[in-house]
Amino acid sequence: MSNQLVLSCQNVRKSYVQGKETIDILRGIDLDVVAGETLAIVGASGSGKSTLLNILGALDAPTSGEVSIAGQKAASLKEKAKAKLRNAHVGFVYQFHHLLPEFTALENVAMPLVIKGESPARAQKEAATWLERVGLGHRLSHKPGQLSGGERQRVAIARAIAPRPSCVLMDEPTGNLDPESADSVQALLWELVKDNQTAFVLVTHDPALAREMSKSYRLQDGHLIREVDSLSM
Ligand SMILES: Nc1ncnc2c1ncn2[C@@H]1O[C@H](COP(=O)(O)OP(=O)(O)OP(=O)(O)O)[C@@H](O)[C@H]1O
Ligand SMILES: [Mg+2]
């Protein structure tokens, strides 16, 4: 199953029109993500990292260029089919966590499992296991407003990985975490890479974390540039 392409984009451009001005954020991005691969994307604030992640996961459309998820071109699909493709293959950890405020941690993690077709009882059982794995077994019935920033981030991570997507897109996933929690989340990611061939695309400001990934890229002036000092796996 390795070398299987889970996500790819070709010549992706993204511009925003602001009054009379057009701002070119992405200026021709090509990227392939294969099963089990871990990619880091680093770059200055405002360079377009979150924009690129949203386009890669087909949450946002590029101005031009193509995005494929599991070999299917996102642009060729209607919204409903696109959402289905995304739910089947892509997990998101957003820069700002996007948890549902009215639901408990357990319910937030169980939700995508129920959407995927699992019974509520089974979804809750699995959700509890994932929350335990990110160190939140004692916070199952807390709502996001009753959790710390780092705890919310870990709920968001559990929610993204619980449905076992082929690729997880993470925007600064460990930025809010203390070193110990960051290490345990990272250990969990490596387990998923090893056991399930999960691919990760991770936006980070942490150069040490970027170096641990199989490839590392810098987003600069709208282009992705491979960082040469990353470890090859
Ligand atoms: N809807 C929009 N309309 C106009 N400009 C936008 C829009 N969304 C993003 N931008 C601009 O695009 C640029 C890239 O934004 P993006 O959020 O992708 O940056 P980033 O690299 O993730 O930054 P950070 O590290 O601060 O999270 C920013 O300068 C931002 O102002
Ligand atoms: Mg961002």
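General remarks:
- Single residue of region 175-193 satisfying the filter (in contact (Cβ under 8 Å) with a residue 12 or more places away in the chain and not hydrophobic (A, V, I, L, M, F, W, C)) that is farthest from V33 (Cα to Cα): D178
- Candidate set from region 35-47 (those that are over 15 Å from E227 (Cα atoms) and touching a residue at least 60 places away in the same chain (Cβ under 8 Å)); member that is surrounded by the most Cβ atoms within 10 Å (Cβ to Cβ): E37
- Single match in D206, D183 (criterion: within 20 Å of the chain's Cα centre (by Cα) and surrounded by 15 or more Cβ atoms within 10 Å (Cβ to Cβ)): D206
- For region 20-34, the tally of residues that are touching a Ser or Thr at 6+ places or on another chain (Cβ under 8 Å) and open to solvent by less than 10 Å² (accessible area, probe 1.4 Å) stands at 3.
- Pairs where the first residue, in region 160-174, is touching a residue at least 12 places away in the same chain (Cβ under 8 Å) and the second is away from ligand 2 (no atom under 12 Å from the Cβ) and among the basic types (K, R), C-beta under 6 Å, 6+ apart: P163/K116
- Check on A156, out of contact with any Gly (no Cβ under 8 Å at 6 or more places or on another chain), farther than 24 Å from G48 by Cα and among the aliphatic types (A, V, I, L, M): no
- Single unsatisfied condition, S50 versus (1) open to solvent by less than 30 Å² (accessible area, probe 1.4 Å); (2) near ligand 1 (Cβ under 9 Å from one of its atoms); (3) among the polar types (S, T, N, Q): (1)
- Residue match in region 53-68 (condition: open to solvent by 40 Å² or more (accessible area, probe 1.4 Å), touching an Asp or Glu at 6+ places or on another chain (Cβ under 6 Å) and within 13 Å of ligand 1 (Cβ to nearest atom)): yes
- For first residues located in region 2-31 and under 23 Å from S214 (Cβ atoms), partners that are hydroxyl-bearing (S, T, Y) and within 16 Å of ligand 2 (Cβ to nearest atom) and lie 6+ apart or on another chain with Cβ distances below 8 Å form the pairs L26/T51; L31/Y217.
- Single residue of K116, K143, K80 found to be modelled with pLDDT of 95 or more and farther than 18 Å from N54 by Cβ: K143
- Yes/no for L147 being in contact (Cβ under 8 Å) with a residue 40 or more places away in the chain, closer than 18 Å to E37 by Cα and either surrounded by fewer than 23 Cβ atoms within 10 Å (Cβ to Cβ) or aliphatic (A, V, I, L, M) (or both): no
- Per the listing A40, A75, the residue uniquely farther than 29 Å from Q186 by Cα and in contact with a strand residue (DSSP E or B) (Cβ under 9 Å, 6 or more places away or on another chain) is A75.
- If you go through region 150-180 and keep only what is within 16 Å of ligand 1 (Cβ to nearest atom), surrounded by fewer than 23 Cβ atoms within 10 Å (Cβ to Cβ) and within 22 Å of R86 (Cβ to Cβ), you end up with D171, E172.
The values are calculated or read from the model by the stated rules, or taken from the named source; none is laboratory data. It should be emphasised that the depicted structure is a prediction, and the values quoted were computed from it without experimental measurement. Glycine also receives a Cβ, built like all others from the backbone with ideal geometry; neighbour counts cover every protein chain displayed. SASA here: full protein model, heavy atoms, side chains in, ligands and nucleic acids out. Shrake-Rupley method; radii C 1.70, N 1.55, O 1.52, S 1.80 Å.
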